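Peer 1: Got a structure for you, questions after.
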Amino acid sequence: MDISELVTTAQALVAPGKGILAIDESTGTIAKRFATINVESTEQARCDYRSTLLTTPNLGDHISGAILFDETLRQSTPDGRPLVEVMQEQGIIPGIKVDKGAKDLAGHPGEKVTEGLDGLRERLQEYAELGARFAKWRAVITIGEDIPSAACIEANTHALARYASLCQESGLVPIVEPEVLMDGNHDLDDCFDVTEATLRSLFAQLYEQDVILEGVVLKASMVISGSTCEERASVDEVAQATLTCLLNAVPAAVAGIVFLSGGQGDQEATEHLDAMNRLGEFAWPLSFSYGRALQQAALKAWGENRGNQEPAQQALAHRAKMNGLAAIGEYDPAAES
Ligand code: 13P
């Protein structure tokens, strides 16, 4: 393992004004997204859509890396250029989702554990040969009555640490993603407590498995009111609570922190990131790794203009630019129109 290369890649993923495009939806999830625009999810349609996104002119200005699903790493544009090559030309680092999804945790109703460790070493080696330089593994923590349990948090963070160690062995930067779901009527304080407990457990497990934190990027969920909570915390409250939680639980050695959007509106996700970066400078850069909050407008435009890539590419370029500004605390909502 070349540590300096891992560190260089991790730092490049969170370079100033840049963040990550998450287009690693599993076949099941992308079918749900396509259903919202009445498009059937065939291999060709998925390839057309993701080629459209990745060939967006100058996407690399604000996008440092993109997380792909297994299928996409092997696909080419309609005119025959491998997508990995397209990304390299754009200065976008190829990444790969390697977990096998969150499954029901035995003995713990309502809770999930992420699978995918068996055979992971061999898969990572193949992904590295195909051009991937970083990977992602998502764990899911649900807030509800009497959950999450300590068992659920530990099972998930242990798996994240085993995954991270295997990634570094193969020369890939692990993005570790313990997502605390927004689903539910919990308030900001509940989300804070669960997020802090999860992060503390995660870093204890990473330490136990000898993972090099300088070569890790944390993909975090924000500390935010549950989606059906009646009293919603303001942008400033979310920014302050999220930052306090991270400062309490995330070692300074971590290369960077990127956020998932988790069901937030496009502009809301941008505003939250911007508000955090306006609070000061911290040990780690704070940026984005959005899926829905980067793609929503582009997906709609693509569905409405099949055969004309431009509207979708413009929509993606716009959100990438807005979030790039938020990553340095220089976003201005007036620039939205
Ligand atoms: P969202 O931003 O849509 O939550 O997706 C990010 C992601 O990659 C979740 O694993």
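The values are calculated or read from the model by the stated rules, or taken from the named source; none is laboratory data. Please read these numbers as outputs of a predicted model, since none were measured by experiment. For neighbour counting, all protein chains shown are included, and Cβ atoms are generated from backbone atoms with ideal geometry for every residue, glycine included.
Peer 1: Which residues, taken from segment 37-85, are under 18 Å from the mean Cα position of the chain (by Cα) and of a type in the set (Ser, Thr, Tyr)?
Peer 2: SER64, THR72
Peer 1: Which residue out of ASP24, ASP48, ASP70 is modelled with pLDDT of 95 or more, touching a strand residue (DSSP E or B) at 6+ places or on another chain (Cβ under 8 Å), on the phi < 0 side of the Ramachandran plot and surrounded by fewer than 21 Cβ atoms within 10 Å (Cβ to Cβ)?
Peer 2: From the options ASP24, ASP48, ASP70, the qualifying one is ASP70.
Peer 1: Only residues that are within 16 Å of the ligand (Cβ to nearest atom) and surrounded by fewer than 18 Cβ atoms within 10 Å (Cβ to Cβ): list them for segment 106-115, please.
Peer 2: GLU115
Peer 1: Which condition does LEU243 not pass, out of (1) within 16 Å of the ligand (Cβ to nearest atom); (2) surrounded by fewer than 21 Cβ atoms within 10 Å (Cβ to Cβ); (3) under 20 Å from the mean Cα position of the chain (by Cα); (4) of a type outside the set (Phe, Trp, Tyr), if it passes all the others?
Peer 2: LEU243 satisfies every listed condition except (1).
Peer 1: Restricting the search to segment 126-153, which residues are surrounded by 16 or more Cβ atoms within 10 Å (Cβ to Cβ), part of a helix (DSSP H, G or I) and not small (Gly, Ala, Ser)?
Peer 2: Matches in segment 126-153: TYR127, CYS152, ILE153.
Peer 1: Turning to a different aspect of this structure: So for segment 294-308 (the condition being over 20 Å from SER221 (Cα atoms), away from the ligand (no atom under 11 Å from the Cβ) and among the acidic types (Asp, Glu)), does at least one residue qualify?
Peer 2: yes
Peer 1: What are the residue pairs meeting all of these: first residue in segment 4-19, first residue at pLDDT below 95, second residue acidic (Asp, Glu), Cβ atoms under 6 Å, and 6 or more apart or on different chains?
Peer 2: none
Peer 1: Can you run down the residue pairs with Cβ atoms below 6 Å, 6 or more apart or on separate chains, where the first is in segment 257-282 and within 21 Å of ILE175 (Cα to Cα) and in contact (Cβ under 8 Å) with a residue 60 or more places away in the chain and the partner is assigned to a helix (DSSP H, G or I) and more than 12 Å from the ligand (Cβ to nearest atom)?
Peer 2: THR270/MET322; THR270/ALA326
Peer 1: Can you find even one residue in segment 258-272 that is surrounded by fewer than 19 Cβ atoms within 10 Å (Cβ to Cβ) and over 19 Å from the mean Cα position of the chain (by Cα)?
Peer 2: No.
Peer 1: Just for segment 36-84: of the residues that are polar (S, T, N, Q) and touching a Lys or Arg at 6+ places or on another chain (Cβ under 6 Å), which one is nearest to ASN305 (Cα to Cα)?
Peer 2: THR72
Peer 1: Among the residues of segment 177-186, are any in a loop (DSSP other than H, G, I, E, B), under 24 Å from SER287 (Cβ atoms) and either touching a helix residue (DSSP H, G or I) at 6+ places or on another chain (Cβ under 9 Å) or touching a residue at least 12 places away in the same chain (Cβ under 8 Å) (or both)?
Peer 2: Yes, segment 177-186 contains at least one residue that is in a loop (DSSP other than H, G, I, E, B), under 24 Å from SER287 (Cβ atoms) and either touching a helix residue (DSSP H, G or I) at 6+ places or on another chain (Cβ under 9 Å) or touching a residue at least 12 places away in the same chain (Cβ under 8 Å) (or both).
Peer 1: I'm trying to understand the selection: among the residues of segment 7-30, which are hydrophobic (A, V, I, L, M, F, W, C), within 15 Å of the ligand (Cβ to nearest atom) and in a helix (DSSP H, G or I)?
Peer 2: LEU13, ILE30
Peer 1: Taking only segment 133-149 into account, find how many residues are free of Cβ contacts under 8 Å to residues at least 60 places away in the same chain, within 16 Å of the ligand (Cβ to nearest atom) and more than 21 Å from GLY263 (Cβ to Cβ).
Peer 2: Total satisfying the criteria: 1.
Peer 1: Among ASP266, ASP193, ASP187, ASP183, which is at pLDDT 95 or above, within 25 Å of ALA151 (Cβ to Cβ) and within 16 Å of the ligand (Cβ to nearest atom)?
Peer 2: One residue alone meets the criteria, ASP183.
Peer 1: Further, regarding this structure: Give the residue that is nearest to the chain's Cα centre (by Cα), with candidates limited to residues of segment 290-316 that are among the small types (Gly, Ala, Ser), part of a helix (DSSP H, G or I) and buried (at least 19 other Cβ atoms within 10 Å of the Cβ).
Peer 2: Result: ALA293.
Peer 1: Any residue in segment 105-125 that is assigned to a strand (DSSP E or B), at pLDDT 95 or above and touching a Gly at 6+ places or on another chain (Cβ under 6 Å)?
Peer 2: no
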